[in-house]
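Below is one structure, written out as structure tokens, with a few remarks after it.
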Amino acid sequence: MIATKLGISKSDSKLTMAFIYVAFISLFIGGLMGLLQTLVRSGSLSLPWGITYYQVLTVHGVILGLVLTTFFIIGFQYALMAKTVGISKKQRLYAWLSFIVMLIGTVMAAVMVLLGKASVLYTFYAPLQAHPIFYFGLALVIIGSWIACFVNFRQLYVWKKTHKDEKSPLLAFMVVINMVLWFIATLGVAAAVIVQFIPWSLGYAETINVLVSRTLFWYFGHPLVYFWLLPAYMAWYAIIPKIIGGKIFSDSLARLSFVLFLLFSIPVGFHHQLTEPGIDPTWKFIQVVLTFMVIIPSLMTAFSMFAMFEITGRRKGFRGLFGWFKHLPWKDVRFFAPMVGMLAFIPAGTGGIINASHQLNNVIHNTMWVTGHFHLTVATTVLLTFFGISYWLIPHLTGRKLTKKINNLGLIQTVIWAVGMTIMSGSMHISGLLGAPRRSAFSEYGGTAQASDWIGYQIAQAVGGTILFIGILLMVYIFLQLTFFAPKGQEEFPIAEEEVNAQPTPLFLENWKLWIGITIGLILFAYTIPFIDIILHAPTGSEPFAWPIGNS
Amino acid sequence: MHLHKFEKVWLIFGTGSLLLFLLVIGVGAFYKGTHPSSHLETIDLKNIESHEAFQPDNLGVTQVKEDQYIVNFVASAFNYDFGVDDNGKPLKKIRIPKGSTVLFQATTKDVIHGYQVAGTNVNMMLEPGYISRYETVMDETGEFTIVCNEYCGLGHHQMFASVEVYE
Amino acid sequence: MENAEKQKSEERVETPNLKGTLLSVLLLGVFIIVSWFGVFALFLSR
Ligand SMILES: [Cu+2]
Ligand SMILES: [Cu+2]
């Protein structure tokens, strides 16, 4: 039996770097669009050449929310899997196939958006109708990501066969959880796109059931945010301890929290649909309760992180209640960037709890508060952690070193991000509470006093947005340095170990049949009755509307 | 699986807080009836006038009782139709006396729209084929901006009106 | 004897001093509660 060699070979580097190139190109384009939006909305810029605000907004949302995240995550996960369980030649071939299919899909969707044929935002709500090629593109991105799922599943399966009585490596376990989550979740959006949107946009189906399409979308939409978050948690649980010179706090608790994310992040999509007229309020509330369950593993994670820091600090001899905190390696960007991300998750998570609180949703639904919220979650917590990963992963892959100078630029980048985001997201939260709507171009709303208050905050958002764009330029510069110019050398791939005398991880945590079974059970519980209700009591379907988005 | 004593304390405290939140909103929703808008009532999208509330004459503000009002309106890209004012012009500013209970009742003729009366809890989605309702007590005077807060197309930000609550 | 020793040392390692952690998460908890009730108050007042 030939065991696959562990570690990152040249070909593995190429594979992951391909994904990372797409991610950083997306960061630049998407960031530029973000800057334009904040400027337009502050009333200080109007777009030339007939480009619309909503076209720019669609590019921003699709390219950052869907393209950057998905490509970075899948590329990073391939690296983690190659490092911990290995990858075979054939698996690598399929991995490339996943990349190519996703890339083709992305380009198809992007071209339609750029032509102004798909200004439907990244949620593409029916009955607004984009060009069919846009939907085909989305379908290909999803299908490509499924190939990645099955490559990862296969990798762990093959490893398991040769390591019968061992527990799987923590990071490989986490990757597989995330991909199981992704696979189950994307079934919903794939059903909407393939069964509903494509035939309808081609004219084969005259009408579309709007509420069904939204429900399928949000069945996917909430686990989507956990698909973004879990790779950050992977780094927090299993990589950061190594960087700060500590050990994993608890392998079992890390796995347990990932299992809980799998179980509870899917049957909760109604918390995005709380103000919709066609869903039974009791079922909304049931999904609110399930949403609150998915907060628990994040509470566990908060404890694990602090504990990991404190134990490491105390072991190094730092005393007092917070001596360990002061002496964390703040000057190491591989730690600092994700740490700022973690701290951002405190207000981010809190906002999320408020959003999901049933009738409290009325206060903030579709206001700028929501935009502020996910700029903290995905665009700070997740993104800064991804940057934190990039500082060592990219040089590791390109055979270069993270120099002191680049490290310091990274520290500055992180501070710029924190400052820009505090200003931008802070003013978004406040103006949201005052009622300012999200996803809207500049408007004085007939000149009401409220609307003029909002404009003040929109100017603040433009200031924050400009600072953030400077942060993006700096990050792109750092990316180019690490990829092409940094001195040759070897950068460590940090993977933390358990304590020597750590308690053994219980075997049931790796009982995939059990966890997937419960996941499906919970989904069926949360969705079957309301979904049948929605279909049985459906109004007549909606014909396509292409003109409102300028697609006709 | 071993849990540190303090972690147990934290998890009990954390889950306890979550339960408290659920209790508060649960009592509000099921006992006081403050559910978000979810009336499950459908309407013929092609013929919304088949429903009495959305016939042209019934759009806008109707007084039902001393301090009770109904506001009927129809959303379409990119306009809220509240009927016409006394001069026969489209009504864009609703006037409601302070302290009144107001039931907003709406549907859309085309795509999905939002409807928020900024500064109040009135915030609901308007979806083709469904009627959305939300009742509130307006006890603060002033002008409240009505905005469409769900993207409905290129003119989305031009879809607005206002409510004036007077003494 | 040796076993008992080992067990003792294990126990020592297993109950690390996590006072700072406890205080940190409790502060986090208080932040969550205050923010949540803040928005709840806004909901009630509107
Ligand atoms: Cu969600
Ligand atoms: Cu709109």
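Structure above, values below:
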item	result
Residue that is nearest to ligand 2 (Cβ to nearest atom) [pool: residues in segment B:114-140 that are more than 7 Å from chain A (Cβ to nearest Cβ) and among the aliphatic types (A, V, I, L, M)]	B:126
Which listed residue, of A:505, A:466, is more than 30 Å from residue B:162 (Cα to Cα) and crowded, with 21+ Cβ neighbours inside 10 Å	A:505
Residue satisfying all of: in segment A:533-543; more than 30 Å from the chain's Cα centre (by Cα) and more than 7 Å from chain B (Cβ to nearest Cβ); surrounded by the fewest Cβ atoms within 10 Å (Cβ to Cβ) among these	A:536
Residues of segment A:388-412 that turn out to be over 20 Å from residue A:244 (Cα atoms) and of a type outside the set (D, E, K, R), as a count	3
Options A:416, A:412, A:430, A:394; residue that is crowded, with 21+ Cβ neighbours inside 10 Å and either away from ligand 2 (no atom under 16 Å from the Cβ) or more than 10 Å from chain B (Cβ to nearest Cβ) (or both)	A:394
Identity of the residue in segment B:1-23, facing another protein chain (nearest Cβ under 7 Å) and among the aliphatic types (A, V, I, L, M), that ends up farthest from residue A:295 (Cα to Cα)	B:1
Qualifying residue in segment A:145-162 (condition: more than 30 Å from residue A:258 (Cβ to Cβ), buried (at least 19 other Cβ atoms within 10 Å of the Cβ) and out of contact with any strand residue (DSSP E or B) (no Cβ under 6 Å at 6 or more places or on another chain))	no
Any chance residue A:52 is of a type in the set (S, T, N, Q) and crowded, with 23+ Cβ neighbours inside 10 Å	no
Enumeration of residues in segment B:73-97 that are more than 10 Å from chain A (Cβ to nearest Cβ) and closer than 20 Å to residue A:435 by Cα	B:75, B:79, B:80, B:94, B:95, B:96
Enumeration of residues in segment B:91-109 that are of a type in the set (Gly, Ala, Ser) and in a strand (DSSP E or B)	B:100, B:106
Test for residue A:548: is it buried (at least 18 other Cβ atoms within 10 Å of the Cβ), closer than 27 Å to residue B:40 by Cα, over 29 Å from the mean Cα position of the chain (by Cα) and within 14 Å of chain B (Cβ to nearest Cβ)	yes
Every residue from segment B:27-39 that is among the small types (Gly, Ala, Ser), out of contact with any Asp or Glu (no Cβ under 8 Å at 6 or more places or on another chain) and at the interface with chain A (Cβ under 7 Å from one of its Cβ atoms)	B:28, B:29
Test: residue B:111 is more than 13 Å from chain A (Cβ to nearest Cβ), touching a helix residue (DSSP H, G or I) at 6+ places or on another chain (Cβ under 8 Å) and under 17 Å from residue B:43 (Cα atoms)	no
Any pair with Cβ under 7 angstrom, 6 or more apart, that starts in segment B:144-162 at a residue that is on the phi < 0 side of the Ramachandran plot and at pLDDT below 90 and ends at one that is part of a strand (DSSP E or B) and within 16 Å of ligand 1 (Cβ to nearest atom)	none
Extreme residue, nearest to residue A:541 (Cα to Cα), among residues of segment B:141-161 that are away from ligand 2 (no atom under 13 Å from the Cβ) and in contact with a helix residue (DSSP H, G or I) (Cβ under 9 Å, 6 or more places away or on another chain)	B:145
Any chance residue A:218 is within 16 Å of ligand 1 (Cβ to nearest atom) and within 14 Å of chain B (Cβ to nearest Cβ)	yes
Residue count, segment A:257-282 (criterion: assigned to a helix (DSSP H, G or I), more than 9 Å from chain B (Cβ to nearest Cβ) and farther than 22 Å from residue B:112 by Cα)	8
Scan of segment A:221-247 for residues that are farther than 23 Å from residue B:125 by Cβ, of a type in the set (Val, Ile, Thr) and either within 16 Å of ligand 1 (Cβ to nearest atom) or assigned to a helix (DSSP H, G or I) (or both), ordered by number	A:240, A:243
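The values are calculated or read from the model by the stated rules, or taken from the named source; none is laboratory data. None of these values were measured; they are calculated from a predicted model. Methodologically, a virtual Cβ is constructed for each residue, glycine included, from the backbone with ideal geometry; neighbour enumeration extends over all protein chains shown.
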